[in-house]
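One structure is given below, encoded as structure tokens.
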Amino acid sequence: MAQPLMPHATASWMVDNTSLSFEQIAEFCGLHILEIQAIADDMAATKLTGRDPVRTHEVTQEEIDKGQADPNYRLKIIKGPEQVRRTKGPRYTPVSKRQDKPDGIAWIIRNHPEITDGAIGLLIGTTRTTIAAIRDRSHWNIANITPKDPVTLGLTTQRELDAAVAKAAKAAGIEPSQTDTRLEGDREALLASLRAEREQQARDAEAALRGEATDARALFDDPFRR
């Protein structure tokens, strides 16, 4: 199925400007539903600027209206752009995320040991030497490496990770029912932690504002402190 030219920016616009379900947005943009949830919760790595797919002639307003009226309706893109894919060479990772690679590698090694080093390298965009160093714990920074979900870190997409897991499981002769199910638990725990942190920051800010207001009233009431 064709996808919008900028799926994450399009998803951000749809979350903010429509009542489409997360499933409908994920299907239209070719993303995982948890990525849509992260965008809706403002937990994405960067705050996205929405891209209106109606103005860019990728979908009609009538099509969006149909989707809003029926949660089971699948939106149809008018015309998808040509998808340009890299056929060789390592995956490009933004500089801001490169420091997270060891954490993502460690997570895959811990949760999906059936995935080969070559597959991990293609998935995250790293070298076999780095993967081997993390695997045998000889990496120079091993003491500070904490396994973290590479999808949450923005190093890969959920679909690519799922495909790599399925391929490795098939090669290893692992039945689908035997595949690791800890992914969802880790994701939910991280989302809960981020929500709690955001709520605590809001409470701290409110407390600081109340403290400033109290100090101001005390100064106004006490003429000797002016």
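Pairs Lys76/Lys101; Lys101/Lys167; Lys76/Lys170: which exceed 28 Å Cα-Cα?
Working: Lys76/Lys101 36 Å; Lys101/Lys167 22 Å; Lys76/Lys170 33 Å.
Correct reply: Lys76/Lys101; Lys76/Lys170.
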Pairwise FRET efficiency - Ser19 versus Lys167, Cβ, R0 = 25 Å, nearest 0.05: 0.10
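Readers should treat all values here as calculations from the given coordinates under stated rules, not as data from a laboratory. Here the structure is a predicted model, which means the values were calculated and not measured. No Cβ is skipped: glycine too gets one built from the backbone with ideal geometry, and neighbour counts run over all protein chains shown.
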